[in-house]
Amino acid sequence: MNAYSIIDKKKKGIELSENEIMEFIEGYTFGTIPDYQMSAFLMAVYFSGMTDRELKVLTCVMRDTGYIADLSGINGIKVDKHSTGGVGDKTTLVVGPVVAACGGKVAKMSGRGLGFTGGTIDKLESIPGFNTEIDEKTFFDIVNRVGVSVIGQSKDIALADKKMYALRDVTATVDSIPLIASSIMSKKLASGSDRIVLDVTVGSGAFMKDEEHARELASKMVAIGNMAGKKTIAILSNMGVPLGRAVGNNLEVIEAIDTLKGNGPEDFNKIVKTFSSYMLTISDVCKSIGDAEYRVGEAIKSGKALEVFKEMVRLQGGDISYIDDPGKFTKASCIYEVKADKDGFVTSMDTEMIGRISGMLGAGREKLDSVIDGSAGIIVCKKTGDRVENGETLAVLHTNKKEEIPRAEEAYRNAIVIGGSRVEPVPEILGIIE
């Protein structure tokens, strides 16, 4: 293999062969191609792009450089959901049990939060005793028994992606759609599920800030999944505002429990209903979206979905008394209300900044080994489109870092705009790509 010629071809926009891609990626992963040549390759892809065929090959080669889960020990069609990230995104905590309560199988491998996006594993681990590092047999047994289990992602999954992402981060190539798509899908394909539903978030609190690029990314990922033999769809969801009201680990788990009890925020209920319904139809549990939506409603109304969640928590070592009585969750020592200083309407929100403020209060991590405070976070009381009166509470800050309150309050005020005219909020669902 001549690494120089492969870089040169991609630089000129010439389609690479399967062998060229395979040899280059494997060579870099296992140490025969240096960082400087991979950096050049990444930049060539950034500017020249990749055909769908190249992208499928790249993704599958990346998948094959690490651990690939074999879920054949789990009965039925396994369906996975992946989100591109956001603020207040506790969707998996609810849709997993809902889908399982309706007869689906969700064997979910999730990650931890980094930066302004929260991680599902961090949220579940805020339930005392909950173990996300169970062995494979226990994982399979739980899914076979109750229909859902969520564990931490294997450190050996898609080894090429780990090395490539670290290099992308320092070579200004993170925001390449082909590289984003292959990064996400290499891990999804390695996770072993039969069907995949992608949540591609759009807006100020998402990685993709505009709908045009989000649609392009979604289309690439759907094409990769389908070409790799995994039936895949993508749902574009609004992350121009935080999802639900709660941002932060304990707070989001409590909101998830409330939602399973039928008392969730309206926007989060809509997301849960949509994603659960598509997961049920793509995995052939339901024949139509209408049928699935009815069954989702019944699973929540009857309490069956909540019971599935409790059983998953129990089987993974968690204390289910916290599910019965969410008031047991540890509360922050300092709870502070941010008040409006004028009348008007919330016309926009910098949702990414709200996520970062939550991290400032202790709810997030900037490095993978940072310690998270499960009690820290924000309850968002007013969102885009809402009427605000002088003195009303805009948000409630929860923290054990009292000294951060002045800075956090100022940042929160700067993160929202209050104007004189009402604007229509963006719908929760922006489109479906199949």
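The values are calculated or read from the model by the stated rules, or taken from the named source; none is laboratory data. This structure is a prediction, so every number in the text was calculated from the model and none was measured. Positions of Cβ are backbone-derived with ideal geometry, glycine not excepted, and every protein chain shown enters the neighbour counts. We work out accessible area using only protein heavy atoms, side chains counted, and drop any ligands, DNA or RNA first. Shrake-Rupley method; radii C 1.70, N 1.55, O 1.52, S 1.80 Å.
Things to note:
- Charge tally for Met312 (other residues, Cβ to Cβ under 12 Å; Lys, Arg +1; Asp, Glu -1): +1.
- The share of accessible area on the chain that comes from carbon and sulfur is 50 percent, using a 1.4 angstrom probe.
- Per-residue HN-Hα couplings for region 421-428 [Karplus 6.51, -1.76, 1.60; θ = phi - 60°; Hz; x = Gly/Pro]: 10, 6, 10, 6, x, 6, x, 5
- Mean sequence separation of contacting Cα pairs (under 8 Å, at least six apart), scaled by the length of the chain, corresponds to a relative contact order of 20 percent.
- Using a simple spin-label model with pseudo-atoms 7 Å out from Cα toward Cβ, Ile429 and Tyr294 lie 1.7 nm apart.
- Restricting region 154-199 to trypsin sites (Lys or Arg not before Pro) that sit in a DSSP loop and have at most 16 other Cβ atoms within 10 Å of their own Cβ leaves Lys155.
- Value of relative contact order over region 79-156, rounded to a whole percent, pairs C-alpha under 8 Å and six or more apart: 36 percent
- Remark: the Asn144-Glu216 segment gains 22.3 nm on full extension, using 0.36 nm per residue and subtracting the alpha carbon distance.
- Sum of side-chain charges, Pro178 neighbourhood, beta-carbon under 14 Å (Lys, Arg +1; Asp, Glu -1): -1
- For a label point 7 Å along the Cα-to-beta-carbon line of Met227, residues of region 165-195 with backbone N under 12 Å: 178, 182
- Between Thr171 and Arg407, the FRET efficiency estimated from the beta carbon spacing at R0 = 35 angstrom works out to 0.60.
- Stretch gain in nm, segment Cys381-Glu15, where the contour uses 0.36 nm per residue and the Cα spacing is subtracted: 126.6 nm
- Of the GluC sites (Glu not before Pro) found in region 82-147, the ones in coil according to DSSP and having at most 12 other Cβ atoms within 10 Å of their Cβ are Glu133.
- The packing ranking of peptides 201-209, 97-105, 406-414, highest mean first, is 97-105, 201-209, 406-414, where packing means the average number of other beta carbon atoms within 10 angstrom of each residue.
- Pairwise centroid distance, computed over Cα atoms, of region 118-193 with region 331-387, Å: 26 Å
- Net +/- balance of residues flanking Thr232 in space, Cβ distance below 9 Å, scoring K and R +1, D and E -1: +3
- Beta bridges per DSSP with both ends in the chain, % antiparallel, nearest 5: 55 percent
- Global form of region 166-290, assessed from the alpha-carbon gyration tensor, a/c cut-off 1.5: oblate
- Paramagnetic label reach from Arg314 (point 7 Å along Cα→Cβ; backbone nitrogen cut-off under 19 Å): within region 144-181, residues 144-150.
- Computed FRET value (nearest 0.05) for Phe30 with Asn263, which takes r as the C-beta separation and R₀ as 56 Å: 0.60
- Modelled spin labels at Glu133 and Glu389, positioned 7 Å past Cα toward Cβ, are 5.2 nm from each other.
- Per residue accessible area in Å² of the chain, where ligands, DNA and RNA are left out and the probe is 1.4 Å: 40 Å²
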